[in-house]
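Readers should treat all values here as calculations from the given coordinates under stated rules, not as data from a laboratory. Predicted model only: the values in this text are computed from it and were never measured. Here the Cβ positions follow ideal geometry from the backbone for every residue, glycine too, while neighbour counts run over all protein chains shown.
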Amino acid sequence: MKIFCTGASGYIGGSVAAKLIASGHQVRGLVRSTESAEKVRAHGIEPVIGPLDDAAILASAAKAADAVVNAASADHSGAAMALLDALAGSGKVFIHTSGSSIVGTRSAGTRMDDVFDETTPFTPSPARAARVALDKTILSYASRGVRPAIICPSLIYGIGLGAKADSVQVPWLIRTARKHAVAKHYGPGENVWSNVHIDDLVDLYAQVLEAAPAGAFYFAENGENSMRELCVAISRMLGFDGTTKAMTLEEAAAEWGSGAAQDTMGSNSRVRAVRARKELGWAPQARSVIDEIAHGCYSTPS
């Protein structure tokens, strides 16, 4: 298949593109600069240079493809609509990348017990209401001759396959620990996030491309951990004897920004990937995030 992928130089998009190329597909990828174009070309991706705001470039690339993977932004409604409108009536697959913070609850680092699967009703926080509305609009294009599907990853870890190899939250925690010589979390760090290895996630994209019905929504996870558990593992990996330290909101915001501190590093986002396992036979096999920190890609010096 000929596949157009946005975010082709990013962690998710680049990893998905590399997986699809290895499976025999041809991938064209949206990038924002000639520098990024050279990087993705080295991974076998044909670059399309342009911004997400250029509807004409997006529409042209989408129409020329057999399927589209939108991995550049979970929140850019203009790009999503430009791609979907170009695909209307074609019957082509459109895979959009959301994120499990849509069910997240700010809790200043305390644990909450709510767990969500694809059938669980929820009310998004004000910070994620627009994303949830966009997700619903995307899925509504099933009635307009598109095969839309949404993959909603939880906290992603591991080294990617594409042009950008690094994940987000775990490296943030590692950099903060190195900076202060102690692993730090926002508040008590008992808040829990589900997580998924990037290798398992890209396998899910491939399965969704092949078999997902129109209008499908899938969480992606294979376990969960508290932020403090991640910090303990990081502390031990760095030789700090498992010691961790709590941060105030002001301290956490200084490290990661206020929004990220509250909606990611200090929130709970607990999901179960029931539908992907049952409907697609998705079977994650990669090592856990704790094992990855202790013995995998994060344990090498940087």
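Only alpha carbons enter this Debye calculation for the stretch 107-259, each as an equal point scatterer, and the log10 of I(q)/I(0) it gives at q = 0.10, 0.11, 0.14, 0.15 Å⁻¹ is -0.45, -0.54, -0.84, -0.94. Dividing the Cα radius of gyration of the stretch 1-65 by 2.2 N^0.38 Å, with N the residue count, gives 0.99. Between ASP53 and ARG175, the contour length at 0.36 nm per residue exceeds the Cα-Cα span by 40.7 nm. Here the spin labels are modelled as points 7 Å beyond Cα on the Cα-Cβ line, and at MET81 and THR120 they lie 3.2 nm apart. Dividing the radius of gyration of the alpha carbons in the stretch 2-293 by their Kirkwood radius gives 0.97 for Rg/Rh. For the stretch 232-302 versus the stretch 162-211, the inter-centroid distance based on Cα atoms is 5 Å. Hey, what angle do you get for helix 55-64 against the long axis of the chain, alpha-carbon based, 0 to 90 degrees rounded to 10? Around 70 degrees separate the two axes. When the listed pairs LYS19/LYS245; LYS63/LYS136; LYS19/LYS184; LYS2/LYS136 are checked against a 32 Å cut-off, the alpha-carbon distance exceeds it for LYS19/LYS245; LYS19/LYS184. By other beta-carbon atoms within 10 Å, ranking GLU221, GLU292, GLU229 with the fewest at the front produces GLU229, GLU292, GLU221. Relative intensity of the stretch 181-302 on a log10 scale, I(q)/I(0) at q = 0.10, 0.14, 0.19, 0.23 Å⁻¹, equals -0.38, -0.70, -1.05, -1.25, per a Debye sum over C-alpha point scatterers of equal strength in the absence of solvent. For the stretch 114-182, the direction-averaged projected area of the alpha-carbon convex hull comes to 8.0 nm². Exposure proxy ranking for MET81, MET247, based on other Cβ atoms within 10 angstrom of each Cβ and starting from the fewest, stands as MET81, MET247. Using C-alpha pairs under 8 Å with a sequence gap of at least 6, the mean separation divided by the residue count of the chain gives a relative contact order of 21 percent. The residues VAL48, VAL196, when put in order of fewest to most other Cβ atoms within 10 Å, stand as VAL48, VAL196. Remark on the stretch 204-262: Rg and Dmax equal 18.0, 50 Å (Cα only). For the stretch 72-144, the spread of Cα coordinates along the three principal axes comes to 46, 23, 16 Å, biggest extent given first. Could you run the Debye sum over the Cα atoms of the stretch 22-134, one equal point scatterer each and no solvent, and tell me log10 of I(q)/I(0) at q = 0.13 Å⁻¹, two decimals? Log10 I(q)/I(0), no solvent term: -0.64. Put +1 on the Cβ of every Lys and Arg and -1 on every Asp and Glu Cβ in the chain; which of SER15, ASN268, SER90 then has its Cα farthest towards the positive end of the dipole? With unit charges placed on the Cβ atoms, the residue in question is SER90. With Kirkwood's inverse mean 1/r over C-alpha pairs for Rh, give me the Rg to Rh ratio of the stretch 32-77, two decimals please. Reported Rg/Rh, Kirkwood definition of Rh: 0.95.
Mean residue ellipticity at 222 nm, helices only, the chain: -11000 deg cm²/dmol; runs of at least 4 DSSP H residues each add -39,500 (n - 2.57), and the sum is divided by the number of residues. For the stretch 2-293, a crude dipole built from +1 on the beta carbon of Lys and Arg and -1 on the beta carbon of Asp and Glu, taken about the Cα centre, is about 240 debye to the nearest 20.
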